[in-house]
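Below you'll find the structure, written out as structure tokens, and then a few comments.
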Ligand code: ADP
Ligand code: ZN
């Protein structure tokens, strides 16, 4: 610690208090800000509501020059700038909604040094990089929603790939990239694309222990609707969101629930992108101000809504991927109080989503993401473990707040099976997918195995006593427990995680569950 660094973090604390009115930084914010103040590049992974904005807004006020913020969402840009201005901070945005005169004025203010934070849409950045920005003293560049740069992410935006050139224009300026959702592959890709190999990576925990996780599988439509009505009636004061796959479904579900619940004073509305903007805004305001309790919505609903007391979130249909699911359930329980999440999962939805994925531009990746979603819905291990392992976090204990923990499957000692699978995988140099691994474990004679000499490795045939289908299930459980992972940027090959290597090295015991034929569970009465 030099005097100078000490000074700046002290300054940062003073700014936090003076401009934002907060007494102290949250965990990680201070470490992140310290690195930025030392002119280092940083990647911040923090769940929504974690407090990412402070991580660049405070340094922006410590630094002498201008901070550029790249943000893909016009509405969020506007909200942020309004909030900053309300706190007495010079801020502005440049995007397609800004007229010529206003643009000239904003640029003038930037040159005069009266604007500390300038938000720019990625589409706009290229033009400004060529003429306007290079003449300015830029102290910091922040890239919000950084996962948009990666085609492995769930929200790839081609304009974001242009951001790769930022480091060429501003080689000395520190860059901070922020995102609320990025699995391991996407994370690696963000750093590569932004040319930040040396960046400090800060990963906040994605665990939200106050959210219960429940999956209801293969429930008939009628029964599902009855369950939902019972659930809402059992908590008539609580607010919640029901996410549906299509616009039409939001309207249908709202109509049916509304008819049943309105007589009891529970108001139900729907929200989707096909509605006129003013109507949409009005409905959203009604929900925020507790005039609407139950919102049936497509995923268009919820972006940037900071409502702390949403008590439950349901998925009427299966989401397309874990990133979306995580973000949507994350809208419940922001105040930290116990909140419930329920996911309905059935084959019909799965088939529909499979078709969407097959017809999409990035078929292979979308299929893989959908597969992970399905694996979560079908998991036999603690769902929170599965959820967190997707984001590269390991939860070693059962969570005791999910339906699997509440109804544990019967476990057996799967240590030996796990050791066989892991050591075979390592001997195959982690270059094979799950089916090849199983074939090697089962001692298959198929041509590809003999060609590669896989029949020569020590564990060849070591798992011949386990059926192909059971191996599939066990590997899925190892995946869910964070012991192996799938590299979908490397041909879907399977890898042993660091946790898996520890298990192998320390001969730790691994519990697996016996594969069961799928039996739909009985509806459980919700707690009040
Ligand atoms: P994110 O961008 O990660 O979703 P925000 O930056 O919008 O999160 O912050 C979420 C909420 O937390 C905001 O209301 C913000 O004002 C608040 N917040 C952030 N940092 C602090 C802090 N150090 N102390 C108190 N509240 C904070
Ligand atoms: Zn659990």
Give the residue, chosen from 11, 29, that is away from ligand 2 (no atom under 16 Å from the Cβ), surrounded by fewer than 17 Cβ atoms within 10 Å (Cβ to Cβ) and over 26 Å from residue 157 (Cβ atoms).
11
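Tell me whether region 396-407 contains one or more residues that are within 14 Å of ligand 2 (Cβ to nearest atom), buried (at least 17 other Cβ atoms within 10 Å of the Cβ) and under 15 Å from residue 511 (Cα atoms). Show your work before the answer.
Step one: filter region 396-407 for residues within 14 Å of ligand 2 (Cβ to nearest atom), giving 396-407.
Adding the requirement that they be buried (at least 17 other Cβ atoms within 10 Å of the Cβ) leaves 399, 401-405.
From what's left, under 15 Å from residue 511 (Cα atoms): 404-405.
There is at least one residue in region 396-407 that is within 14 Å of ligand 2 (Cβ to nearest atom), buried (at least 17 other Cβ atoms within 10 Å of the Cβ) and under 15 Å from residue 511 (Cα atoms).
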Provide a single number: the residues in region 59-108 that are surrounded by 14 or more Cβ atoms within 10 Å (Cβ to Cβ), touching a strand residue (DSSP E or B) at 6+ places or on another chain (Cβ under 7 Å) and in a helix (DSSP H, G or I).
9
With respect to the numbered conditions (1) surrounded by fewer than 21 Cβ atoms within 10 Å (Cβ to Cβ); (2) more than 26 Å from residue 47 (Cβ to Cβ), which one is the sole condition not fulfilled by residue 307?
(2)
So is residue 47 in contact (Cβ under 8 Å) with a residue 60 or more places away in the chain, away from ligand 2 (no atom under 16 Å from the Cβ) and under 18 Å from residue 180 (Cβ atoms) or not?
yes
Looking only at region 226-255, count every residue that is in contact with a helix residue (DSSP H, G or I) (Cβ under 6 Å, 6 or more places away or on another chain) and without any contact (Cβ under 8 Å) to a residue 40 or more places away in the chain and tell me the total.
1
So which pairs qualify, if the first residue must be in region 136-147 and more than 14 Å from residue 125 (Cα to Cα), the second must be assigned to a strand (DSSP E or B) and within 16 Å of ligand 2 (Cβ to nearest atom), the Cβ gap must be under 7 Å, and the two must be at least 6 apart or on different chains?
none
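For region 408-437, which positions are within 12 Å of ligand 2 (Cβ to nearest atom) and in contact with a strand residue (DSSP E or B) (Cβ under 7 Å, 6 or more places away or on another chain)? Spell out the reasoning first.
Taking region 408-437 as the starting set, the residues that turn out to be within 12 Å of ligand 2 (Cβ to nearest atom) are 408-409.
409, the sole residue that qualifies.
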Conditions first: (1) within 16 Å of ligand 2 (Cβ to nearest atom); (2) surrounded by fewer than 18 Cβ atoms within 10 Å (Cβ to Cβ). Residue 206 passes all but one, so which condition is the exception?
(2)
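So, residue 141, is that one modelled with pLDDT of 95 or more and either over 31 Å from the mean Cα position of the chain (by Cα) or surrounded by 22 or more Cβ atoms within 10 Å (Cβ to Cβ) (or both) or not?
Values: modelled with pLDDT of 95 or more: yes; either over 31 Å from the mean Cα position of the chain (by Cα) or surrounded by 22 or more Cβ atoms within 10 Å (Cβ to Cβ) (or both): yes.
Criteria met by residue 141.
Which residues, taken from region 219-245, are part of a loop (DSSP other than H, G, I, E, B) and loosely packed, with under 15 Cβ neighbours inside 10 Å?
To start, the set of residues in region 219-245 that are part of a loop (DSSP other than H, G, I, E, B) comprises 219-220, 234-238, 244-245.
Across region 219-245, the qualifying residues are 220, 234, 236, 237.
Search region 324-348 for residues being buried (at least 18 other Cβ atoms within 10 Å of the Cβ) and out of contact with any strand residue (DSSP E or B) (no Cβ under 6 Å at 6 or more places or on another chain), and hand back the single one that is farthest from residue 243 (Cα to Cα).
Kept after step one, since they are buried (at least 18 other Cβ atoms within 10 Å of the Cβ), are these residues of region 324-348: 324-334, 339-346.
Pick out the ones that are also out of contact with any strand residue (DSSP E or B) (no Cβ under 6 Å at 6 or more places or on another chain) and you get 324-327, 330, 334, 346.
On the way: 324: 11, 325: 10, 326: 12, 327: 12, 330: 12, 334: 18, 346: 15 Å.
By that ranking, first place goes to 334.
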Answer with yes or no whether residue 371 is closer than 30 Å to residue 340 by Cβ, within 16 Å of ligand 2 (Cβ to nearest atom) and surrounded by fewer than 21 Cβ atoms within 10 Å (Cβ to Cβ).
no
Could we say that residue 114 is more than 16 Å from ligand 2 (Cβ to nearest atom), at pLDDT 95 or above, loosely packed, with under 15 Cβ neighbours inside 10 Å and over 30 Å from residue 299 (Cβ atoms) here?
yes
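The values are calculated or read from the model by the stated rules, or taken from the named source; none is laboratory data. Please read these numbers as outputs of a predicted model, since none were measured by experiment. Here Cβ is always computed from backbone atoms with ideal geometry, including for glycine, and neighbour counts include all displayed protein chains.
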